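Structure record follows, encoded as structure tokens.
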Amino acid sequence: MARAAGVSTATVSLVLNGRGAIGKATRDRVKRVAAELAYRPSIRAQRLRTGRSGSIAVITTIPDTVVGGSSRLGYLLDIAIAVAGSALKRGYSMVLTPPMADVSELDALDIDGAILLDPVENDPFAARLAGRGVRIVTIGDVEGVQSVGTVDRGVAGADVLIEHLIAQGCIHLLLISSIERTAVATSVRAYAAAREARGDMRLTTLELPLRDAEQEAYRVVSGMLARGTDVDAVYAPIDLFAVGAGRALCEAGRRIPEDVRLVTHYNGLRAQTFEPPITALDLHLDRMAELAVMLLLDSLEGRADRTVLPAPRPDVIVRGSTRTVVG
């Protein structure tokens, strides 16, 4: 290529990599020759030269029991497809990791950066990656995690769902949150407690483990109902908590939505196929993922210091579990 363009190999390298003060005529000639010769750069050679893998990972600390099964075809893929598309446009590939029980499994990943979904406080996955010098962007803001950027989900949609329930006339809300101090769980609990302080609704909070989430919610809510606890709304950000609580309500003879209204966050198959279908949120996961990729790649390419960007505001998708019953 250098011979055909009448320049040195160093000049060809500078032009093709967009570096150096090369005159326009020479740059155009090299690019024209490259097109005529159908030149394609070697990705392996570029990685050897830069010392980078050219890959980023999407990592979740949420257990497989929550993101597995039919939901795996939803939540993770909704984010991963958007991440993959945005990354590819900027010359990076994406690695989608399964839920991992052992942080040492991260050591097998040859990546330059990672997008960590809904981390927990002092997240061990984040610490392991940071120890290897891997740059991290989080979706969700939480204490004790060092990152180069964050897509801040704020109150994660708690405001729009709680206001939706209050508008439906609900005055006693059961919030089913996770024991794990994830970014979403922490922000939802804080918002719900602050909202109760305004005095127009009462809040009861359950904190349950994410593992065996559906069965645990079913068991605990069944016990509450048997003891005579009376609520008119159940807010379960995790869809498995919502399904378990919904089963308990139905078996106790509580009608949804006539007696109790039920809402969740992720608009996935679990929410859509429950009977009645569960009111959920359009989280705009594609846009959230695009923002995370932009933050991560800008950092890897030296274009930005640590940045926090707000996530898109969620919209309520009203379904049968809260829809006003006429007649």
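Every number in this text was worked out from the coordinates using simple rules, so none of it is lab data. Treat the numbers as computed from the prediction; the structure is a model and nothing was measured. Positions of Cβ are generated from backbone atoms using ideal geometry, with glycine treated the same way; all protein chains shown enter the neighbour counts.
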Quick check on region 2-41: what are the equivalent-ellipsoid semi-axes from the Cα gyration tensor, as sqrt(5λ), descending, whole Å? 14, 11, 9
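With charges set only on the Cβ (+1 for Lys and Arg, -1 for Asp and Glu), what does the dipole of the chain come to about its Cα centre, in debye to the nearest 20? Write out the running numbers ahead of the final one.
On the way: 38 positive and 38 negative charges, 387 e Å.
For the chain, the charge dipole is close to 1860 debye.
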Within region 193-216: backbone nitrogen closer than 18 Å to the Ala101 label point (7 Å, Cα to C-beta): 209-214
Name the residues whose placed amide hydrogens come within less than 5 Å of the amide hydrogen of Ala114, ignoring near sequence neighbours (fewer than 5 apart) on the same chain. Ala57, Arg135, Ile136, Val137
Using the 10 angstrom Cβ neighbour count as an exposure proxy, how do Leu106, Leu262, Leu173, Leu37 rank, fewest first? Leu37, Leu106, Leu173, Leu262
Ranked packing of 302-314, 126-138, most packed first, by mean Cβ within 10 Å: 126-138, 302-314
Between Ala108 and Arg198, the two model label points (7 Å from Cα along the beta-carbon direction) sit apart by a distance in nm of 4.9
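Which length gain, in nm to one decimal place, applies between Gln215 and Arg255 when the Cα-Cα distance is subtracted from 0.36 nm times their residue separation?
So the extension gain works out to 12.4 nm.
Which values, in whole Å and largest first, are the semi-axes of the equivalent ellipsoid of the chain obtained as the square root of 5 times each eigenvalue of the Cα gyration tensor? Intermediate results must be reported in sequence, preceding the final value.
Values: eigenvalues 481, 71, 57 Å².
Values for the chain, descending: 49, 19, 17 Å.
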Using amide H atoms built 1.01 Å from N in the peptide plane, name the residues 5+ places from Leu175, or on other chains, whose amide H lies under 5 Å from its own. Thr204, Thr205, Leu206, Tyr235
Relative contact order, percent, region 158-282 [alpha-carbon distance under 8 Å, six or more residues apart]: 25
